[in-house]
Amino acid sequence: MLMNMKDLLRVANEHNFAVPAFNISDYAMLNGIFEAVEEKQAPVIIAIHPDELSHTKPEIIKAITEKAYKTEVPVCIHLDHGSSLAQIMLAIKSGFTSVMIDGSSLPLEENIALCQEIVKVAHSVDISVEGELGTIGSTDAEAEAGENEIIYTDPDVAKRFVKETGVDTLAVAIGTSHGIYPEGMEPELQLDLLKEIKTKVDIPLVLHGGSSNPDQEIGRSVELGINKINISSDIKAAYYNKMREVLKDGSLREPNTIQPPCIKAMKEVAFHKIELFNTDNKAKLY
Ligand SMILES: [Zn+2]
(Lines give C-alpha, C1' and ligand atoms only; values in the text may rest on other atoms or scores of the structure.)
Protein backbone atom coordinates (compact mmCIF):
# COMPACT_ATOMS: atom_id res chain seq x y z
CA MET A 1 0.00 0.00 0.00
CA LEU A 2 1.57 3.25 -1.17
CA MET A 3 1.01 6.28 1.07
CA ASN A 4 2.29 9.73 1.71
CA MET A 5 4.03 10.55 4.98
CA LYS A 6 1.20 12.58 6.46
CA ASP A 7 -1.28 9.69 6.29
CA LEU A 8 1.37 7.17 7.35
CA LEU A 9 2.50 9.06 10.44
CA ARG A 10 -0.93 10.22 11.56
CA VAL A 11 -1.60 6.63 12.65
CA ALA A 12 1.83 6.40 14.29
CA ASN A 13 1.14 9.61 16.21
CA GLU A 14 -2.25 8.29 17.39
CA HIS A 15 -0.87 4.90 18.45
CA ASN A 16 2.52 5.96 19.77
CA PHE A 17 4.99 4.14 17.57
CA ALA A 18 7.75 5.25 15.19
CA VAL A 19 8.06 4.15 11.57
CA PRO A 20 11.62 3.33 10.54
CA ALA A 21 12.96 5.26 7.55
CA PHE A 22 15.58 2.98 6.04
CA ASN A 23 17.96 4.64 3.57
CA ILE A 24 18.16 2.61 0.38
CA SER A 25 20.50 2.87 -2.59
CA ASP A 26 20.93 -0.77 -3.49
CA TYR A 27 18.43 -3.16 -5.05
CA ALA A 28 19.29 -6.23 -2.97
CA MET A 29 19.00 -4.21 0.23
CA LEU A 30 15.65 -2.86 -0.96
CA ASN A 31 14.33 -6.40 -1.38
CA GLY A 32 15.67 -7.35 2.05
CA ILE A 33 13.92 -4.42 3.73
CA PHE A 34 10.62 -5.31 2.04
CA GLU A 35 10.99 -8.91 3.25
CA ALA A 36 11.72 -7.70 6.79
CA VAL A 37 8.71 -5.37 7.05
CA GLU A 38 6.37 -7.92 5.50
CA GLU A 39 7.52 -10.52 7.98
CA LYS A 40 6.99 -8.09 10.87
CA GLN A 41 3.85 -6.54 9.35
CA ALA A 42 5.38 -3.14 9.95
CA PRO A 43 4.78 0.08 8.01
CA VAL A 44 7.95 1.43 6.43
CA ILE A 45 9.51 4.52 4.89
CA ILE A 46 11.97 3.95 2.06
CA ALA A 47 14.25 6.98 2.33
CA ILE A 48 16.52 8.03 -0.51
CA HIS A 49 19.02 10.87 -0.21
CA PRO A 50 19.79 12.91 -3.37
CA ASP A 51 23.30 11.37 -3.45
CA GLU A 52 21.71 7.91 -3.24
CA LEU A 53 19.26 8.81 -6.01
CA SER A 54 22.21 9.86 -8.22
CA HIS A 55 23.65 6.42 -7.56
CA THR A 56 20.51 4.30 -8.16
CA LYS A 57 19.01 6.64 -10.80
CA PRO A 58 15.39 7.78 -10.49
CA GLU A 59 14.03 4.72 -12.38
CA ILE A 60 14.35 2.68 -9.18
CA ILE A 61 11.32 4.60 -7.85
CA LYS A 62 9.12 2.82 -10.42
CA ALA A 63 10.22 -0.54 -9.00
CA ILE A 64 9.63 0.59 -5.41
CA THR A 65 6.19 1.91 -6.36
CA GLU A 66 5.34 -1.44 -7.95
CA LYS A 67 6.46 -3.28 -4.81
CA ALA A 68 4.47 -0.87 -2.61
CA TYR A 69 1.28 -1.54 -4.58
CA LYS A 70 1.80 -5.29 -4.28
CA THR A 71 2.26 -5.42 -0.51
CA GLU A 72 -0.35 -4.95 2.23
CA VAL A 73 2.22 -3.17 4.36
CA PRO A 74 1.99 0.66 4.20
CA VAL A 75 4.95 2.12 2.32
CA CYS A 76 6.04 5.74 1.90
CA ILE A 77 8.78 6.71 -0.58
CA HIS A 78 10.60 9.68 0.85
CA LEU A 79 13.32 12.03 -0.41
CA ASP A 80 15.81 12.45 2.44
CA HIS A 81 17.52 15.86 2.83
CA GLY A 82 16.33 17.58 -0.33
CA SER A 83 17.99 20.97 -0.49
CA SER A 84 16.57 22.75 -3.55
CA LEU A 85 13.38 23.16 -5.54
CA ALA A 86 15.04 21.29 -8.44
CA GLN A 87 15.69 18.22 -6.26
CA ILE A 88 12.12 18.33 -4.95
CA MET A 89 10.68 18.60 -8.48
CA LEU A 90 12.79 15.64 -9.66
CA ALA A 91 11.50 13.63 -6.68
CA ILE A 92 7.88 14.50 -7.42
CA LYS A 93 8.33 13.69 -11.10
CA SER A 94 9.99 10.37 -10.22
CA GLY A 95 7.14 9.18 -7.99
CA PHE A 96 8.19 9.91 -4.41
CA THR A 97 5.20 10.34 -2.08
CA SER A 98 7.02 12.50 0.43
CA VAL A 99 9.94 14.93 0.44
CA MET A 100 12.19 16.53 3.01
CA ILE A 101 13.40 20.06 2.47
CA ASP A 102 16.39 20.67 4.69
CA GLY A 103 16.88 24.38 5.20
CA SER A 104 18.29 23.87 8.68
CA SER A 105 21.64 25.46 7.88
CA LEU A 106 19.93 28.63 6.62
CA PRO A 107 18.92 31.57 8.81
CA LEU A 108 15.45 30.93 10.27
CA GLU A 109 13.55 33.34 8.01
CA GLU A 110 15.12 31.77 4.91
CA ASN A 111 14.38 28.25 6.16
CA ILE A 112 10.73 29.28 6.64
CA ALA A 113 10.52 30.89 3.19
CA LEU A 114 12.07 27.83 1.48
CA CYS A 115 9.70 25.44 3.28
CA GLN A 116 6.69 27.58 2.37
CA GLU A 117 7.67 27.42 -1.31
CA ILE A 118 8.12 23.63 -1.24
CA VAL A 119 4.93 23.03 0.75
CA LYS A 120 2.94 25.00 -1.82
CA VAL A 121 4.26 22.91 -4.71
CA ALA A 122 4.25 19.51 -2.99
CA HIS A 123 0.84 19.81 -1.34
CA SER A 124 -0.73 20.69 -4.67
CA VAL A 125 -0.04 17.09 -5.75
CA ASP A 126 -0.63 15.45 -2.31
CA ILE A 127 3.06 14.93 -1.51
CA SER A 128 3.93 15.52 2.14
CA VAL A 129 6.79 17.66 3.35
CA GLU A 130 9.27 17.27 6.20
CA GLY A 131 11.12 20.35 7.48
CA GLU A 132 14.09 20.52 9.83
CA LEU A 133 14.83 22.94 12.63
CA GLY A 134 18.08 22.96 14.56
CA THR A 135 21.09 20.96 13.36
CA ILE A 136 21.91 17.27 13.46
CA GLY A 137 25.58 16.45 14.04
CA SER A 138 27.85 14.42 11.81
CA THR A 139 30.29 11.81 13.08
CA ASP A 140 32.18 10.68 10.01
CA ALA A 141 32.92 11.45 6.38
CA GLU A 142 30.43 8.83 5.15
CA ALA A 143 27.48 10.45 6.95
CA GLU A 144 24.88 11.97 4.61
CA ALA A 145 24.79 15.43 6.17
CA GLY A 146 25.36 17.22 9.41
CA GLU A 147 27.18 19.98 11.22
CA ASN A 148 30.12 19.84 13.59
CA GLU A 149 28.08 21.60 16.21
CA ILE A 150 24.57 20.57 17.20
CA ILE A 151 22.10 23.43 17.59
CA TYR A 152 19.15 22.15 19.60
CA THR A 153 15.60 22.82 18.40
CA ASP A 154 13.91 25.65 20.30
CA PRO A 155 10.32 24.60 21.19
CA ASP A 156 8.80 28.07 20.69
CA VAL A 157 10.53 28.52 17.35
CA ALA A 158 9.32 25.03 16.37
CA LYS A 159 5.74 26.07 17.08
CA ARG A 160 6.09 29.17 14.89
CA PHE A 161 7.94 27.22 12.17
CA VAL A 162 5.21 24.58 11.87
CA LYS A 163 2.43 27.17 11.87
CA GLU A 164 4.04 29.40 9.24
CA THR A 165 5.40 26.73 6.88
CA GLY A 166 2.57 24.17 6.94
CA VAL A 167 5.05 21.24 6.96
CA ASP A 168 3.55 17.81 7.74
CA THR A 169 6.41 16.49 9.85
CA LEU A 170 9.33 18.11 11.64
CA ALA A 171 12.87 16.81 12.13
CA VAL A 172 14.10 17.99 15.52
CA ALA A 173 17.62 18.30 16.84
CA ILE A 174 17.78 16.80 20.31
CA GLY A 175 21.35 15.51 20.29
CA THR A 176 21.69 12.86 17.57
CA SER A 177 24.31 12.78 14.81
CA HIS A 178 24.38 11.18 11.37
CA GLY A 179 26.75 8.23 11.02
CA ILE A 180 28.20 5.81 13.54
CA TYR A 181 29.50 7.33 16.77
CA PRO A 182 33.26 6.91 17.21
CA GLU A 183 34.47 4.98 20.23
CA GLY A 184 34.36 7.14 23.34
CA MET A 185 31.68 9.47 22.00
CA GLU A 186 28.49 8.93 23.97
CA PRO A 187 25.43 10.58 22.45
CA GLU A 188 22.92 11.81 24.96
CA LEU A 189 19.45 12.71 23.85
CA GLN A 190 17.78 15.72 25.46
CA LEU A 191 14.54 13.94 26.26
CA ASP A 192 13.17 16.83 28.35
CA LEU A 193 13.56 19.07 25.32
CA LEU A 194 11.66 16.53 23.21
CA LYS A 195 8.83 16.55 25.79
CA GLU A 196 8.62 20.32 25.61
CA ILE A 197 8.60 20.38 21.79
CA LYS A 198 5.83 17.78 21.80
CA THR A 199 3.62 20.00 23.99
CA LYS A 200 3.95 22.86 21.49
CA VAL A 201 3.86 21.03 18.15
CA ASP A 202 1.12 18.56 17.23
CA ILE A 203 2.51 17.21 13.93
CA PRO A 204 4.64 14.01 13.94
CA LEU A 205 8.26 14.52 15.00
CA VAL A 206 11.25 12.94 13.28
CA LEU A 207 14.59 11.77 14.66
CA HIS A 208 17.54 11.82 12.26
CA GLY A 209 20.84 10.15 13.01
CA GLY A 210 19.11 7.28 14.83
CA SER A 211 21.91 4.78 14.16
CA SER A 212 24.13 3.64 17.04
CA ASN A 213 22.24 5.52 19.75
CA PRO A 214 21.60 3.51 22.93
CA ASP A 215 18.40 1.48 22.55
CA GLN A 216 17.03 2.70 25.84
CA GLU A 217 17.13 6.36 24.74
CA ILE A 218 15.61 5.58 21.37
CA GLY A 219 12.84 3.55 23.01
CA ARG A 220 12.12 6.42 25.38
CA SER A 221 12.02 8.94 22.51
CA VAL A 222 9.33 6.80 20.86
CA GLU A 223 7.30 6.82 24.09
CA LEU A 224 7.69 10.61 24.21
CA GLY A 225 6.34 11.11 20.71
CA ILE A 226 8.92 10.55 17.99
CA ASN A 227 7.04 9.00 15.02
CA LYS A 228 9.79 8.51 12.42
CA ILE A 229 13.38 7.43 12.99
CA ASN A 230 15.98 7.51 10.23
CA ILE A 231 18.23 4.48 10.04
CA SER A 232 20.96 4.46 7.45
CA SER A 233 24.38 3.60 8.88
CA ASP A 234 23.26 0.67 11.05
CA ILE A 235 21.74 -1.41 8.21
CA LYS A 236 24.58 -0.61 5.83
CA ALA A 237 27.26 -1.47 8.40
CA ALA A 238 25.57 -4.84 9.06
CA TYR A 239 25.36 -5.57 5.35
CA TYR A 240 28.96 -4.67 4.48
CA ASN A 241 30.55 -6.10 7.61
CA LYS A 242 29.03 -9.43 6.62
CA MET A 243 30.13 -8.95 3.03
CA ARG A 244 33.77 -8.42 4.12
CA GLU A 245 33.55 -11.78 5.86
CA VAL A 246 31.89 -13.55 2.92
CA LEU A 247 34.40 -12.18 0.42
CA LYS A 248 37.30 -13.73 2.29
CA ASP A 249 36.41 -16.70 0.11
CA GLY A 250 38.05 -15.46 -3.07
CA SER A 251 36.32 -18.07 -5.24
CA LEU A 252 32.93 -16.32 -4.91
CA ARG A 253 31.74 -14.22 -7.79
CA GLU A 254 27.96 -14.31 -8.15
CA PRO A 255 25.80 -11.64 -6.43
CA ASN A 256 23.18 -14.32 -5.72
CA THR A 257 25.79 -16.23 -3.72
CA ILE A 258 27.49 -13.28 -2.05
CA GLN A 259 24.52 -11.11 -1.15
CA PRO A 260 22.01 -13.42 0.64
CA PRO A 261 24.03 -13.82 3.88
CA CYS A 262 24.62 -10.06 3.89
CA ILE A 263 20.90 -9.40 3.47
CA LYS A 264 20.21 -11.80 6.32
CA ALA A 265 22.59 -9.83 8.59
CA MET A 266 20.95 -6.55 7.55
CA LYS A 267 17.47 -7.96 8.21
CA GLU A 268 18.46 -8.88 11.78
CA VAL A 269 19.22 -5.20 12.41
CA ALA A 270 15.98 -4.15 10.73
CA PHE A 271 13.99 -6.58 12.91
CA HIS A 272 15.60 -5.16 16.01
CA LYS A 273 14.77 -1.56 15.02
CA ILE A 274 11.18 -2.46 14.16
CA GLU A 275 10.70 -3.98 17.62
CA LEU A 276 12.50 -1.13 19.37
CA PHE A 277 10.30 1.43 17.59
CA ASN A 278 7.15 -0.52 18.55
CA THR A 279 6.25 -0.84 14.86
CA ASP A 280 5.79 -4.60 14.57
CA ASN A 281 2.26 -5.68 13.70
CA LYS A 282 1.09 -2.12 13.13
CA ALA A 283 0.24 -2.59 9.43
CA LYS A 284 -3.22 -3.75 10.50
CA LEU A 285 -4.03 -0.24 11.82
CA TYR A 286 -4.10 1.13 8.27
ZN1 LIG B 1 19.22 13.03 8.24
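The values are calculated or read from the model by the stated rules, or taken from the named source; none is laboratory data. The shown structure was predicted, so the numbers you read here are calculated from the model rather than taken from an experiment. Because the Cβ atoms are built from the backbone with ideal geometry, glycine has one as well, and the counts that use them run over all protein chains shown. Please note that ligands, DNA and RNA were not included when accessible areas were found on the heavy atoms of the full protein model with its side chains. Shrake-Rupley method; radii C 1.70, N 1.55, O 1.52, S 1.80 Å.
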- Task: Would you give the gap between the C-alpha center of segment 27-56 and the C-alpha center of segment 175-251, rounded to a whole Å?
- Result: 16
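If packing is taken as the average count of other Cβ atoms within 10 Å, what order do 151-161, 49-59, 123-133 fall into, highest mean first?
Details: 151-161: 17.2, 49-59: 15.1, 123-133: 21.3.
Packing order, densest peptide first, comes out as 123-133, 151-161, 49-59.
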- Select from P182, L108, G166 the residue farthest towards the positive end of the dipole of the chain; place +1 on Cβ of Lys and Arg, -1 on Cβ of Asp and Glu, and compute about the Cα centre. G166
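Under a point-charge model restricted to the Cβ atoms of Lys and Arg (+1) and Asp and Glu (-1), what is the dipole moment magnitude of segment 5-285 relative to its Cα centre, in debye to the nearest 20?
Details: 27 positive and 44 negative charges, 180 e Å.
I would put it at about 860 debye.
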- Applying the Karplus parametrisation 6.51 cos²θ - 1.76 cosθ + 1.60 with θ = phi - 60° to the phi angles of segment 206-214, what ³J(HN,Hα) value in whole Hz is obtained for each residue in order, glycine and proline being reported as x? 10, 10, 8, x, x, 6, 6, 7, x
- Could you compute the FRET efficiency for E268 and S105, with r as their C-beta to C-beta distance and R0 at 45 Å, rounded to 0.05? 0.80
- Message: From Cα pairs below 8 angstrom and at least 6 apart in sequence, can you work out the relative contact order of segment 201-262, rounded to a whole percent?
- Response: 32
- Over segment 1-51, with neighbouring protein chains present, the accessible area per residue in Å² at probe 1.4 Å is 32
- Message: I'd like to compare 204-213, 110-119: which one has the highest average count of other Cβ atoms within 10 Å, and what's the full order after that?
- Response: 204-213, 110-119
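Quick check for you: with a 1.4 Å probe and neighbouring chains kept, what is the accessible area per residue of segment 161-286, in Å²? Please list the in-between numbers first.
Values: 5770 Å² over 126 residues.
Using a 1.4 Å probe on heavy atoms only, each residue of segment 161-286 averages 46 Å².
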- Determine the share of segment 5-285's accessible area contributed by carbon and sulfur atoms, expressed in whole percent, with a 1.4 angstrom probe. 49
- Message: Which one, A283, L194, I231, is farthest towards the positive end of the dipole of the chain when Lys and Arg carry +1 and Asp and Glu -1 on their Cβ?
- Response: A283
